[in-house]
Amino acid sequence: MVNHDLSVSLCGIRLQNPVIPASGTFGFGLELADSLDLNVLGGISLKGTTRDARPGNPTPRIAECTAGMINSVGLQNPGIEALVSDKAPALRRIYRGAIIANISGFSVEEYAYNCARADSCPDIDILEINVSCPNVHHGGMAFGTDPASAAAVTKAVKAVTHKPVFIKLSPNVTDIVAIARACEEAGADGICLINTVLGMRIDIKRRKPVIANKMGGFSGPAVFPLALRMVYQVAHACRIPVMGCGGVARAKDVIEMMMAGATAVQVGAENLRNPMACPEIIAALPALMDSLGINRLQDIIGIAE
Amino acid sequence: MQKRIFHIISNDAVARDTFRLELRTEGRVVMGSGQFVDIALPGRYLRRPISVSDVLPDGLILYYKVVGEGTRDLSAMVKGSELELLLPLGSGFHPEKCRESALLIGGGLGAAPLFLLAKELLARGKQATAVLGFNRADEICLAQELEALGVPVHLSTLDGSVGTKGFVTDAIAAVQPAFDRFFTCGPLPMMKAVCAALDTPGEVSLEERMGCGAGYCYGCTVITASGPRRVCADGPVFDKEEVLW
């Protein structure tokens with residue numbers, strides 16, 4: 001096997017490989033430090049963080065599905081100060097790759113506040129903005145379902161940070177391209193997609209929804225074709241880099257996401273059924289590249305026209 | 001936490017819908033009572049968390065109840081089949097905190113982790129008494145195994161077919177065992193009644209629908225007296241004062 005180059009450049013940040021555990025499926029990285037070698041990971045997207053600590057939703061928060069699962073954790077997190085003063089510095093002490101802070105908010109002002117705090121933390125490399133949160137000032141409609149709202153968040157966040165800003169988009173929209181373009185025009189440095197697809201299960205014995213909050217985010221291999229299609233559309237409509245996410249479970253899926261236009265690839269639900277999923281995918285990439293005649297992963301980004 | 005392949009030595013029905021699964025692996029297995037394993041089942045997306053009932057030098061004994069399609073699949077698996085497990089998971093019981101004698105209170109399959117706990121207590125020179133509650137006689141499991149260790153076992157059944165008629169709390173009231181610490185695993189209403197009835201220190205093993213089973217998805221959080229805690233990693237065993245019923 002010849003030397004394969006797995007590295008990619010994301011907004012000028014070199015990742016040793018494109019594989020990143022997705023936010024919410026890997027805690028703050030620290031929880032898994034004793035179980036696997038974090039330093040094989042291209043980056044780590046940390047658990048979504050809000051200004052104040054949140055206890056999250058009542059249980060059950062998890063429902064199993066065919067080829068996937070629904071979660072409704074409800075953004076349980078220790079708050080932005082714990083992220084910048086404790087979690088990110090603790091991870092930096094043991095991890096050399098890209099640390100991605102996933103930032104949530106319930107108002108434009110909260111997004112800006114949280115990002116200003118994250119900007120002050122030298123251990124955070126990239127900000128990933130979760131615009132799937134409900135806007136408390138506009139009847140609870142998610143910021144990411146409207147181009148103007150998504151752009152307003154992007155603009156407010158870009159004004160308070162010099163770190164690369166990726167907007168993580170919700171797939172629960174009619175026109176993903178319009179929202180991605182609005183974010184790009186508002187100054188986003190990149191787009192991450194997709195977040196989970198709104199789903200539901202009912203326990204037919206109890207005659208009640210399985211999830212305490214009734215609905216939740218569906219993810220897993222079942223959503224991969226949907227995610228791939230959206231990554232393809234956005235990557236072709238925008239000039240900024242895309243992190244592809246949604247149903248990635250194998251090295252083949254990473255290659256496919258990159259051929260669709262992703263510069264980096266996030267692995268989500270698969271981590272929950274296999275904590276070693278990311279290291280196993282990274283280890284499988286060189287042989288797969290060999291069989292496909294790929295020397296540099298960077299060369300295949302968006303190659304499938 | 002490790003991911004390891006085990007193979008099935010036996011997988012037999014021992015009571016109504018209740019199976020005893022004996023597994024072996026390469027190398028040593030080190031786990032404590034109240035901890036659990038997370039089993040990958042072919043064709044099922046999420047793993048199945050199951051508490052450990054006994055630890056062998058190179059194996060495990062688990063008890064599980066057929067409650068849905070996943071556990072029904074598991075019950076059909078035959079000797080020699082491979083299973084991929086994550087282990088050891090969770091924070092278990094604290095036998096070292098028992099001064100002299102312990103009361104083990106199980107409801108239904110909640111008896112399973114109490115078997116390993118009883119062995120640990122006896123190995124430390126402590127005394128143990130068990131009170132096990134079941135709905136009916138054909139659901140009784142692990143009573144003989146505990147007695148074989150030398151642990152006195154008192155039974156309650158809801159239909160009164162065996163032992164005290166009623167709940168474990170009725171059996172405890174009838175037997176009046178002496179103990180300085182209790183350990184309980186079973187249905188939430190049973191454990192709530194136990195904690196309300198007993199004023200000695202005690203430990204409670206909680207159950208919750210889990211995602212990762214290892215503390216990084218935050219899918220099984222419960223609110224406790226000291227804030228949000230993950231059942232899979234901070235528990236499943238909590239001091240009784242921690243649990244907000």
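What follows is calculated from the coordinates using simple rules that are stated; it is not laboratory data. Since this is a predicted model, take the numbers as computed values, not measurements. For neighbour counting, all protein chains shown are included, and Cβ atoms are generated from backbone atoms with ideal geometry for every residue, glycine included.
Restrict the check to the range A:25-36 and report whether at least one residue is at the interface with chain B (Cβ under 8 Å from one of its Cβ atoms) and surrounded by fewer than 20 Cβ atoms within 10 Å (Cβ to Cβ). So far as the range A:25-36 goes, yes, one or more of its residues are at the interface with chain B (Cβ under 8 Å from one of its Cβ atoms) and surrounded by fewer than 20 Cβ atoms within 10 Å (Cβ to Cβ). Taking every residue in the range A:91-116 that is of a type in the set (D, E, K, R) and pairing it with any residue that is assigned to a helix (DSSP H, G or I) and surrounded by 17 or more Cβ atoms within 10 Å (Cβ to Cβ), at least 6 positions away or on another chain, the pairs with Cβ-Cβ distances below 9 Å are A:96/A:38; A:109/A:156.
A count restricted to the range B:84-110 and to residues that are surrounded by fewer than 22 Cβ atoms within 10 Å (Cβ to Cβ) and either touching a Pro at 6+ places or on another chain (Cβ under 9 Å) or within 19 Å of residue B:209 (Cβ to Cβ) (or both) stands at 4. When the range B:118-130 is limited to residues that are within 17 Å of the chain's Cα centre (by Cα) and part of a helix (DSSP H, G or I), the one that is farthest from residue B:171 (Cα to Cα) turns out to be B:120.
In the range A:175-198, the residues that are buried (at least 19 other Cβ atoms within 10 Å of the Cβ) form Cβ pairs under 6 Å with partners that are polar (S, T, N, Q), at six or more places apart or across chains, as follows: A:183/A:154; A:186/A:154; A:188/A:154; A:195/A:132; A:195/A:170; A:196/A:219. In the range A:199-221, how many are buried (at least 20 other Cβ atoms within 10 Å of the Cβ) and either of a type in the set (Lys, Arg) or closer than 25 Å to residue A:179 by Cα (or both)? Qualifying residue count, the range A:199-221: 6.
Output yes when any residue across the range B:131-151 is touching a Phe, Trp or Tyr at 6+ places or on another chain (Cβ under 8 Å), within 23 Å of residue B:197 (Cα to Cα) and assigned to a strand (DSSP E or B), and no when none is. Among the residues of the range B:131-151, at least one is touching a Phe, Trp or Tyr at 6+ places or on another chain (Cβ under 8 Å), within 23 Å of residue B:197 (Cα to Cα) and assigned to a strand (DSSP E or B), which makes the answer yes. Go through the residues of the range B:134-149 one by one and say whether even a single one is away from chain A (no Cβ under 14 Å), under 20 Å from residue B:17 (Cβ atoms), touching a residue at least 12 places away in the same chain (Cβ under 8 Å) and β-branched (Val, Ile, Thr). Yes - at least one qualifying residue is present in the range B:134-149. Taking the stated definitions as given, is residue A:244 crowded, with 19+ Cβ neighbours inside 10 Å and within 27 Å of residue A:108 (Cα to Cα)? Here the answer is yes, as residue A:244 does meet what is asked. The set of residues in the range A:48-65 that are closer than 30 Å to residue A:202 by Cβ and more than 7 Å from chain B (Cβ to nearest Cβ) comprises A:48, A:50, A:54, A:57, A:58, A:63.
None of B:179, B:183 is within 14 Å of the chain's Cα centre (by Cα), among the aromatic types (Phe, Trp, Tyr) and either surrounded by fewer than 24 Cβ atoms within 10 Å (Cβ to Cβ) or assigned to a strand (DSSP E or B) (or both) except B:183. Does residue A:287 satisfy the condition of being away from chain B (no Cβ under 14 Å), over 16 Å from the mean Cα position of the chain (by Cα) and surrounded by 20 or more Cβ atoms within 10 Å (Cβ to Cβ)? No, not satisfied. In the range A:241-254, the residues that are under 19 Å from residue A:280 (Cβ atoms) reach residues that are of a type in the set (D, E, K, R) with C-beta atoms within less than 6 angstrom, at least six apart or across chains, in these pairs: A:249/A:270. Among the residues making up the range B:218-233, those that are in contact with a helix residue (DSSP H, G or I) (Cβ under 9 Å, 6 or more places away or on another chain) and not in a strand (DSSP E or B) are B:219, B:225, B:226, B:233. In the range B:31-73, the qualifying residues are those that are within 14 Å of chain A (Cβ to nearest Cβ) and touching a residue at least 60 places away in the same chain (Cβ under 8 Å), and the one that is farthest from residue A:63 (Cα to Cα) is B:38.
A quick yes/no check of all residues on (1) in a loop (DSSP other than H, G, I, E, B); (2) polar (S, T, N, Q); (3) at negative phi:
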| site | (1), (2), (3) |
| --- | --- |
| A:24 | yes, no, no |
| A:36 | yes, no, yes |
| A:44 | no, no, yes |
| A:52 | yes, no, yes |
| A:56 | yes, no, no |
| A:63 | no, no, yes |
| A:70 | no, no, yes |
| A:73 | yes, no, yes |
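With a requirement of 2 or more residues that are in contact with a Cys (Cβ under 9 Å, 6 or more places away or on another chain) and under 26 Å from residue A:80 (Cα atoms), the strands (runs of 3 or more DSSP E) lying completely within the range A:126-206 that satisfy it span A:126-130, A:165-168, A:190-193. Name the one entry in B:184, B:164 that is among the polar types (S, T, N, Q), closer than 23 Å to residue B:52 by Cβ and in contact with a Leu (Cβ under 9 Å, 6 or more places away or on another chain). Residue meeting the stated conditions: B:184. Do we find a residue being within 17 Å of the chain's Cα centre (by Cα) and not aliphatic (A, V, I, L, M) anywhere in the range A:108-121? So far as the range A:108-121 goes, yes, one or more of its residues are within 17 Å of the chain's Cα centre (by Cα) and not aliphatic (A, V, I, L, M).
Name every residue in the range B:198-217 that is crowded, with 18+ Cβ neighbours inside 10 Å, in a loop (DSSP other than H, G, I, E, B) and hydroxyl-bearing (Ser, Thr, Tyr), in order of residue number. Passing the criteria: only B:216.
Considering only the range B:204-235, state which residues are under 25 Å from residue B:103 (Cα atoms) and touching an Asp or Glu at 6+ places or on another chain (Cβ under 6 Å).
Residues satisfying the conditions are B:224, B:225, B:231.
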